[in-house]
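These notes concern the structure reproduced below.
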Amino acid sequence: MSGNDNGLLTKAKVRPFTSEDELACIRVMNEAMGQSFYWTKVASLDTQSFRATTSDEALIVAELAGQVVGFASIYIPDHFLHHLYVDPGVQRKGVGAALLSEMHRIIGSDASLKCQVQNTTARDFYAANGWVEDSGIGGRDELGDWLQLRITKD
């Protein structure tokens with residue numbers, strides 16, 4: 001999906017995930033991961049791997065003009081935002097912020113997430129939305145070093 005050329009923020013509709021959204025979410029995740037993790041090759045997700053990586057999580061999707069353009073998965077018991085991906089064609093249009101807003105409504109308290117150190121675009125996005133990075137590296141996985149970020153509910 002191509003972005004809004006005039007740079008104005010777009011009002012995304014955020015709603016609970018349904019099984020009909022699965023293929024669109026897989027497409028968004030694969031495209032966004034390819035762009036976000038530019039320093040390494042990431043394996044494309046299929047239905048089985050998508051289900052495995054979001055198992056036991058609450059999923060929400062963002063739509064523009066009836067098309068799924070982003071999603072988030074939240075592990076509610078730990079108040080942990082596990083995934084947030086937005087179609088590269090509509091990034092910086094308010095879709096991610098709309099997903100974060102709904103995540104806050106669902107969790108209703110403080111939250112945390114992990115973000116790759118090299119993913120400076122995501123780190124800047126979260127900082128602009130009130131998330132604070134812990135000092136020091138939180139750990140290392142197959143994509144490299146990651147940081148823990150937290151937000152305190154107002």
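The values are calculated or read from the model by the stated rules, or taken from the named source; none is laboratory data. Everything quoted here is computed from the prediction, not taken from an experiment. Cβ: placed from backbone, ideal geometry, glycine included. Neighbour counts: every protein chain shown. Accessible surface is based on the protein model in full, side chains and every heavy atom, while ligands, DNA and RNA are left aside. Shrake-Rupley method; radii C 1.70, N 1.55, O 1.52, S 1.80 Å.
Data overview
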item	result
Any pair with Cβ under 6 angstrom, 6 or more apart, that starts in the range 125-154 at a residue that is under 16 Å from His104 (Cα atoms) and ends at one that is of a type in the set (Val, Ile, Thr) and part of a strand (DSSP E or B)	Gly130/Ile151; Trp131/Ile151; Arg150/Val132
All positions within the range 128-144 that are open to solvent by less than 60 Å² (accessible area, probe 1.4 Å) and either among the aliphatic types (A, V, I, L, M) or more than 19 Å from Ala97 (Cα to Cα) (or both)	Asp134, Gly136, Gly138, Gly139, Asp141, Leu143, Gly144
The range 39-62, subset out of contact with any helix residue (DSSP H, G or I) (no Cβ under 9 Å at 6 or more places or on another chain) and at pLDDT 95 or above, residue nearest to Phe80 (Cα to Cα)	Ser55
So Ser36, is it polar (S, T, N, Q), at pLDDT below 95 and either buried (at least 16 other Cβ atoms within 10 Å of the Cβ) or closer than 22 Å to Glu133 by Cβ (or both)	yes
Filtered residues of the range 76-115 (kept if touching a His at 6+ places or on another chain (Cβ under 8 Å) and either touching a residue at least 60 places away in the same chain (Cβ under 8 Å) or among the β-branched types (Val, Ile, Thr) (or both))	Ile107
